[in-house]
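Asker: First the structure, which I've put down as structure tokens, then a few questions once you've had a look.
The values are calculated or read from the model by the stated rules, or taken from the named source; none is laboratory data. Values in this document were obtained by computation on a predicted structure and should not be read as measured data. Here the Cβ positions follow ideal geometry from the backbone for every residue, glycine too, while neighbour counts run over all protein chains shown. All accessible areas refer to the heavy atoms of the entire protein, side chains included, with ligands and DNA or RNA removed. Shrake-Rupley method; radii C 1.70, N 1.55, O 1.52, S 1.80 Å.
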Amino acid sequence: MLISLDWIKEYVKLPDMDADDLGNTFTMTTAEVEDVKKLNDHLAKIMVAEITEIEKHPEADKLNLVTFNFGAKDTKQVVCGAPNVKVGLKVPYAPLGVTLPNGLTLEPKKIRGILSEGMLCSEIELGTGEGKSGLMELDAKAPNGQNMLEYLEIKQDTIIDVDNKSLTHRPDLWGHYGLAREFAAAYGEPLLDKFNKDWQKNLEAKFNNDSSPITPKVEKDSSCLAYWGLSLDGVSVKESPMWLKQRLEAVGLRSINNIVDISNYVMMELGIPLHIFDRDKIKDNTIHIRRVGKEETFETLDEIKRDLIASDTVICDSEKPLVLAGIMGGHNSGVDENTSKIFIEVANWKAEEVRLTSTRLGLRTDSSARYEKSLDSLQCYKTLLRTLDLVCEICPDAKVIGQAEYDGDDLSKIEELSIKTSYEKIRKVLGHDVSDEKIKSIFESLAFEVTKAGENIDVKIPTFRTTKDIEFEADLVEEVGRVIGYDNIEPISPMTAIEATSLNHARSFTRKIQDFLTINARALEVMTYPLIGEKLLTKA
């Protein structure tokens, strides 16, 4: 799991400290960090340069000696074989000492006997493009010497790579908002209440009394736990804005188009996967969630045909499967450049069934990895609204048709877990003196509700922590311990907890027993061995 600290900073203020220290704190309080790396750090050292002179390399027909400047008096020469090199062209220049994304560190090097003072770069070498040949051609108005971070308007970011196995029991941590809550708790900072009631109310105001084009129908024997759907018209599919591309690329996802990117962004933000259909590809405006019922071949978005069995759950229209539930959408329903009408699906599925189907097909996706962790159905509606939020931001002409439609389990029957404990019990088990106020603030920072009940407290657990994690009083003690940091709790043996008087009595009693055994051993020795005993008495 890749965590963007730039993304985390949208929700919580992080302390001004080294990224490795932030990673260490996360390891000690939440989950194991495998690596911490800076993203786009090289772009801050690469500059806009203007080519001023080109000469043929005396020892190689396909190479040129290129002279350029990147400031008032800064002139360098490199050996370059790019086909599009020309005088007056502005290109990125990487000086000696820069390490490029491919791992190459530029050092003084002679090419066919001539020293090259760095490198003029292509998009591939900068890590900003996928395949354009030749030097990256910059705007003629770009100021010489400007670094590429500023030119490309790209942010530097720090990425924390967390071991996925350490998040298996924490489905709430598969999105940046849930991760930000952990950072907020660890550093005692408030979490931005971004998705509050006012935010919800503003988005629901976009609903209307028009008839919803699609009303989903969930079969009771399917693996579906909850299914929300929302229809929009007036959508324009195009390239994503730079901020959206950068966010996805930072966490290892490739930009496709603005609508697909929104679905991936929301999944990485809130941890709940979703799918967006081209509504014109849904036959008869029918969405039916059911078992396949028979063996069938289904082509997924990656254009690979999968063999389904009768017990697999799919989302269908009136003729055919459109999505393999909880795993991947079909090639026949995806959004493309011609899409103008969409249907947003946010659902929850039985974890064990997603895992079994994914394993059988050898198809593990970002969606299946999350669903098999046991997600909280109550988070689906918020995810739907967040998707609507971004679609309207990026496609201002988009319009909701009708309102959000739901089918599935009765969500009102999902009970919140409440666990009774006491501050004193938590302190006793931890063996650490923590104030009542501190314990309460830790619980509240994790979205737990604390109510005083005489000498005890009732702790109400949010549903996103009870699908696979918090169950018992011991779990509450663990929450306090990990946020404090187990490395901050002094290790002591149980004996040191005995009061001093009791300990002294125990030691005195032990000494008396030892004296008694010693005296009786000597008496036994005298009686058993008379000669030896006589010698002992004589000496005495």
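Asker: Working only within the stretch 271-302, note down all residues that are open to solvent by 30 Å² or more (accessible area, probe 1.4 Å) and closer than 30 Å to N40 by Cβ.
Answerer: L301, D302
Asker: Here's a follow-up. Scanning for something at pLDDT 95 or above, of a type outside the set (F, W, Y), farther than 20 Å from T383 by Cβ and exposed (fewer than 15 other Cβ atoms within 10 Å of the Cβ), does the stretch 201-208 turn up at least one residue?
Answerer: For the stretch 201-208, residues at pLDDT 95 or above, of a type outside the set (F, W, Y), farther than 20 Å from T383 by Cβ and exposed (fewer than 15 other Cβ atoms within 10 Å of the Cβ): present.
Asker: Anything in the stretch 443-459 that is surrounded by 16 or more Cβ atoms within 10 Å (Cβ to Cβ) and either β-branched (V, I, T) or not in a loop (DSSP other than H, G, I, E, B) (or both)? List them, or say none.
Answerer: Of all residues in the stretch 443-459, those surrounded by 16 or more Cβ atoms within 10 Å (Cβ to Cβ) come to 443, 445-448, 450, 457, 459.
The answer is F443, S445, V450, I457, V459.
Asker: Can you say whether I439 is closer than 22 Å to F26 by Cα, β-branched (V, I, T) and either open to solvent by less than 10 Å² (accessible area, probe 1.4 Å) or not in a helix (DSSP H, G or I) (or both), as far as the supplied structure shows? Talk me through it step by step, then tell me what you get.
Answerer: On the way: closer than 22 Å to F26 by Cα: yes; β-branched (V, I, T): yes; either open to solvent by less than 10 Å² (accessible area, probe 1.4 Å) or not in a helix (DSSP H, G or I) (or both): yes.
The answer is yes for I439.
Asker: Does S236 satisfy the criteria of being crowded, with 19+ Cβ neighbours inside 10 Å and in contact (Cβ under 8 Å) with a residue 24 or more places away in the chain?
Answerer: So S236 does not fit the description; no.
Asker: I need a count of the residues in the stretch 7-25 that are of a type in the set (V, I, T) and at pLDDT 95 or above. Spell out how you get there, then give the answer.
Answerer: So in the stretch 7-25, the residues of a type in the set (V, I, T) come out as 8, 12, 25.
Cutting the leftovers down to at pLDDT 95 or above gives us 8, 12.
Final tally of qualifying residues: 2.
Per-residue answers, yes or no, for (1) among the charged types (D, E, K, R); (2) out of contact with any Ser or Thr (no Cβ under 7 Å at 6 or more places or on another chain):
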position: Y11; (1), (2): no, yes
position: N24; (1), (2): no, yes
position: L43; (1), (2): no, yes
position: K76; (1), (2): yes, yes
position: N84; (1), (2): no, yes
position: T105; (1), (2): no, no
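Asker: A further question on this structure: Going through the stretch 165-198 one residue at a time, which ones are without any contact (Cβ under 8 Å) to a residue 60 or more places away in the chain and not basic (K, R)?
Answerer: Selection gives D193, N196, D198.
Asker: Moving to a separate point now. Would you check which residues across the stretch 23-62 are surrounded by fewer than 19 Cβ atoms within 10 Å (Cβ to Cβ) and assigned to a loop (DSSP other than H, G, I, E, B) and list them?
Answerer: Selection gives E32, K45, H57, P58, E59, A60, D61, K62.
Asker: List the number of the failed condition for I214; all other conditions in (1) closer than 30 Å to L230 by Cβ; (2) open to solvent by 20 Å² or more (accessible area, probe 1.4 Å); (3) of a type outside the set (F, W, Y) hold.
Answerer: Here I214 clears every test but (2).
Asker: Test M242 against the stated conditions and say whether it is in contact with a Ser or Thr (Cβ under 6 Å, 6 or more places away or on another chain) and in contact (Cβ under 8 Å) with a residue 12 or more places away in the chain.
Answerer: The answer is no for M242.
Asker: Let me ask something additional. Pairs, please: C-beta under 6 Å, at least 6 apart or cross-chain, first residue assigned to a strand (DSSP E or B) and in the stretch 73-99, second crowded, with 17+ Cβ neighbours inside 10 Å and of a type in the set (D, E, K, R)?
Answerer: Close Cβ pairs (under 6 Å, with a partner that is crowded, with 17+ Cβ neighbours inside 10 Å and of a type in the set (D, E, K, R)) amount to K90/E50.
Asker: Looking at this structure, is E10 touching a residue at least 60 places away in the same chain (Cβ under 8 Å), acidic (D, E), within 22 Å of G271 (Cα to Cα) and in contact with a helix residue (DSSP H, G or I) (Cβ under 8 Å, 6 or more places away or on another chain)?
Answerer: Working: touching a residue at least 60 places away in the same chain (Cβ under 8 Å): yes; acidic (D, E): yes; within 22 Å of G271 (Cα to Cα): yes; in contact with a helix residue (DSSP H, G or I) (Cβ under 8 Å, 6 or more places away or on another chain): yes.
So E10 fits the description; yes.
Asker: While we're looking at this one, here's another question. Given (1) part of a helix (DSSP H, G or I); (2) open to solvent by 60 Å² or more (accessible area, probe 1.4 Å), where does A184 come up short, assuming only one miss?
Answerer: That leaves (2) as the condition not met.
Asker: Tally up the residues in the stretch 366-420 that are assigned to a strand (DSSP E or B), in contact with a helix residue (DSSP H, G or I) (Cβ under 9 Å, 6 or more places away or on another chain) and open to solvent by less than 10 Å² (accessible area, probe 1.4 Å), please.
Answerer: Looking only at that region, the number is 1.
Asker: Okay, moving on. Restricting attention to the stretch 332-363, and to residues there that are outside any helix (DSSP H, G or I) and of a type in the set (S, T, Y), which single residue is surrounded by the most Cβ atoms within 10 Å (Cβ to Cβ)?
Answerer: Filtering the stretch 332-363 for residues that are outside any helix (DSSP H, G or I) and of a type in the set (S, T, Y), the one surrounded by the most Cβ atoms within 10 Å (Cβ to Cβ) comes out as S333.
Asker: Looking for whichever is of a type in the set (D, E, K, R), farther than 30 Å from E34 by Cα and either open to solvent by 20 Å² or more (accessible area, probe 1.4 Å) or in a strand (DSSP E or B) (or both) here; the options are E125, E137, E189. Which one fits? Let's see the steps before the verdict.
Answerer: Values: E125 fails: farther than 30 Å from E34 by Cα; E189 fails: farther than 30 Å from E34 by Cα.
So the residue among E125, E137, E189 that is of a type in the set (D, E, K, R), farther than 30 Å from E34 by Cα and either open to solvent by 20 Å² or more (accessible area, probe 1.4 Å) or in a strand (DSSP E or B) (or both) is E137.
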